[in-house]
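Read the structure below first, then the notes.
The values are calculated or read from the model by the stated rules, or taken from the named source; none is laboratory data. Fair warning: this is a prediction, and the values are worked out from it, not measured in the lab. Positions of Cβ are backbone-derived with ideal geometry, glycine not excepted, and every protein chain shown enters the neighbour counts. Areas reflect the complete protein model, heavy atoms only, side chains present, ligands, DNA and RNA absent. Shrake-Rupley method; radii C 1.70, N 1.55, O 1.52, S 1.80 Å.
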Amino acid sequence: MELLNKYPSADLRVYAVWFNMYPGDHRSNWRADLLSDPRVTNFWDEGKLVGRWVVEQKIVDHPRSILWDAYLLFGPEAKWEDLPEPLIGWGKPVYHRRHKLRKEILPMIEPAPVAEQARVEVDSEEPQLGAPMPSGAPTHFDLMVIGAGGAGFAAAIRGAELGKQVALVEAGTLGGVCVNVGCVPSKTLLRAAEINHLGTRNPFEPGLRVAVEADWTALIAHKDKVVSEMRQSRYEDVLAAYPEISLLRGWAKLLGENQVEITPVDDSNGAGPRLYAPDKIIIATGSSSWAPPIEGLEEAGYLDSTAAFELRERPESMIIVGASSVGLEVGQLFSRFGTKVTMLEIQDDILPEEDSEISGQLIDYLREEGIVAETNVFITEVSRNENGYRVIGRQLGEDRVYEAAALLMATGRRANTAEMGLEQAGVELGTQGEILVDEHLQTSNSYVYAAGDVLGRDMFVYTAAYGGKLAVDNALDGAGRFYGTVALPRVTFTDPAVASVGLTEAQAYDQGHEVKVTAIPLELISRPQANGDTRGLIKLVADKTTDQLLGAHVLAAEAGEVIQTATLAIKVGMSVEDLRGTLFPYLTMVEGLKLAAISFDKDPAMLSCCAG
């Protein structure tokens, strides 16, 4: 009530912010006392901000957040729209805005005394050049994370958990590739395509008839909604729960040692770049789609997967160059909605990184769905006219011509390292712009670590998050942790899906193992039989001398749900006999791993259900 007494003549109004995460606690009493004061009413549409909090009370400490009650006062002159932007349109659970309130709004309406500001300028370890620090932000950071995707968020959160002051630098949309333009939108649309496909391929007819009508434009809108909700809940709201993390909106450039220049996204005041000197730096700027230099390609223009998922009209036909995970997922997706798809791959097999037996079966299944899939095609020229695209490719010494309404390049990704001053700052780069690191994810600049796609390998969001945390532990705590991906699972979300971990048969031979392999078709596994979908196989690779499991490769509708068991088996060094002796629940897809292990010595076709 002290601040209320400071303005006895004002017709004060209150904007109330409270957090009912734990109903029935003691807060309700003092909230009621405040709102019953005769000088305070519960309106804000005609209030004027007088520059003080009425109450800010810390309620409870929590491992991930601190809960607060806060109130802002207004006088009679100003309008609601005059309030600072973060308070406008308040429609989300307000505890998600706590960080913004405490670090941006409070200093805006109650600036520090002049003497204190002067002391900060003199004592700060940061150069006082260019744009001012964000209101309420610390003047020195223990850790600066550049990039707010999977690796960046994991690194920033880990720094906060260690009690450090963290700057998270991002010029674009929070969340990076996966939630915005990669995993989430693609898997949302792939699930819709799978349901749509049931209208033409239903294993339970005539007992069950499925009628499906697709609206592409509405599906894209639904995809956008899913992406927006997940970005809000998994990134924006999570960020707000960590007051130790300050979000700096801008582009980063390294100047040497631990010096970083941030050019703000919004430089409307013309202050220019700002210099920082954090104790340690994590670079997690991710990657972008890349296309090789092909005659006429840049002039013709093309889609990448990001642009394809934004199309409001589905093209009648599409050429996809590149048949690894992205190209295959996008191709089957569009095909199942009616687009005539042609896939062109330069290697001998689609999914060239996978076991050739898996790739060989998958290409047959795609062709059965009407997809044209060709390998050993080297693209030499691209052109475009009013009728669409014309692509010339050389296949086994002969020129082939392909035509379609749309062209999508799915030829890989490259690290986002351009114009960051990395090499000038002593950060060594590889031939494709990737950051080179040691086994602790430290770069050639001792202040700088890197994680995620920017390393140019293991481009999965889960390895990015793993690397982000590991880099912070090593940078701030000197933990000496090693970055290891011996048992790294990967999934291609086609239908049937491809999932694998460990060595392929060819890789095992190349590494000098005395190899034994087995592969069983899904027809021998009970769950696929019950599902009416026996497309695929499970293949295991093992060392013949030690019996150690070296690799597992699955082609099945639920391959991604099966592979984690094999991942754990390889991680802990299980043998084929260990896997064979493990109990698996019946009528599950993962039971196929045990049957595959049994098939090294027995014919599973000669076993009854569950017999092993």
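Values for this structure:
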quantity: Selection within region 438-454 - small (Gly, Ala, Ser), in contact with a helix residue (DSSP H, G or I) (Cβ under 8 Å, 6 or more places away or on another chain) and within 16 Å of residue 476 (Cβ to Cβ); calculated: 450, 451
quantity: Filtered residues of region 323-351 (kept if in a helix (DSSP H, G or I) and among the β-branched types (Val, Ile, Thr)); calculated: 326, 330
quantity: Scan of region 518-527 for residues that are among the hydrophobic types (A, V, I, L, M, F, W, C) and open to solvent by 10 Å² or more (accessible area, probe 1.4 Å), ordered by number; calculated: 519, 524
quantity: Filter result for residue 338 (touching a strand residue (DSSP E or B) at 6+ places or on another chain (Cβ under 8 Å), surrounded by fewer than 16 Cβ atoms within 10 Å (Cβ to Cβ), small (Gly, Ala, Ser) and farther than 24 Å from residue 458 by Cβ); calculated: no
quantity: Count - residues of region 528-562 that are free of Cβ contacts under 8 Å to residues at least 12 places away in the same chain and buried (at least 18 other Cβ atoms within 10 Å of the Cβ); calculated: 0
quantity: Some residue of region 494-508 being of a type in the set (Ser, Thr, Tyr), out of contact with any helix residue (DSSP H, G or I) (no Cβ under 7 Å at 6 or more places or on another chain), surrounded by fewer than 22 Cβ atoms within 10 Å (Cβ to Cβ) and free of Cβ contacts under 8 Å to residues at least 60 places away in the same chain; calculated: no
quantity: Check on residue 176, under 20 Å from the mean Cα position of the chain (by Cα) and either closer than 19 Å to residue 233 by Cβ or without any contact (Cβ under 8 Å) to a residue 40 or more places away in the chain (or both); calculated: yes
quantity: Conditions (1) open to solvent by 40 Å² or more (accessible area, probe 1.4 Å); (2) in contact with a Phe, Trp or Tyr (Cβ under 6 Å, 6 or more places away or on another chain); number of the one not met by residue 515; calculated: (1)
quantity: Residue that is nearest to the chain's Cα centre (by Cα) [pool: residues in region 372-410 that are within 12 Å of residue 345 (Cβ to Cβ) and touching a residue at least 40 places away in the same chain (Cβ under 8 Å)]; calculated: 410
quantity: Within region 182-223, considering residues that are among the hydroxyl-bearing types (Ser, Thr, Tyr) and touching a residue at least 24 places away in the same chain (Cβ under 8 Å), the one farthest from residue 329 (Cα to Cα); calculated: 217
quantity: Residue within region 587-609 that is open to solvent by 50 Å² or more (accessible area, probe 1.4 Å) and within 34 Å of the chain's Cα centre (by Cα) present; calculated: yes
quantity: So residue 565, is it surrounded by 14 or more Cβ atoms within 10 Å (Cβ to Cβ), over 26 Å from residue 506 (Cβ atoms) and of a type in the set (S, T, N, Q); calculated: no
quantity: Scope region 355-364; condition closer than 17 Å to residue 520 by Cα and assigned to a helix (DSSP H, G or I); matching residues; calculated: 356, 357, 358, 359, 360, 361, 362
quantity: Members of region 455-475 that are open to solvent by 40 Å² or more (accessible area, probe 1.4 Å) and closer than 22 Å to residue 254 by Cα; calculated: 456, 469
quantity: Subset tally (residues that are open to solvent by less than 60 Å² (accessible area, probe 1.4 Å) and part of a helix (DSSP H, G or I)) for region 288-322; calculated: 6
quantity: Strands (runs of 3 or more DSSP E) contained entirely in region 171-287, each with at least 3 residues that are open to solvent by less than 60 Å² (accessible area, probe 1.4 Å) and of a type in the set (Gly, Ala, Ser); calculated: 245-256
quantity: Residue match in region 440-454 (condition: open to solvent by 20 Å² or more (accessible area, probe 1.4 Å), modelled with pLDDT of 95 or more, of a type outside the set (S, T, N, Q) and part of a loop (DSSP other than H, G, I, E, B)); calculated: yes
quantity: Residue count, region 166-186 (criterion: more than 17 Å from residue 304 (Cβ to Cβ) and of a type outside the set (A, V, I, L, M)); calculated: 2
quantity: Any hit, region 262-270, residues being among the hydrophobic types (A, V, I, L, M, F, W, C) and in contact with a Gly (Cβ under 7 Å, 6 or more places away or on another chain); calculated: yes
quantity: Strands (runs of 3 or more DSSP E) within region 390-438 that include 2 or more residues open to solvent by less than 40 Å² (accessible area, probe 1.4 Å); calculated: 398-404, 406-409
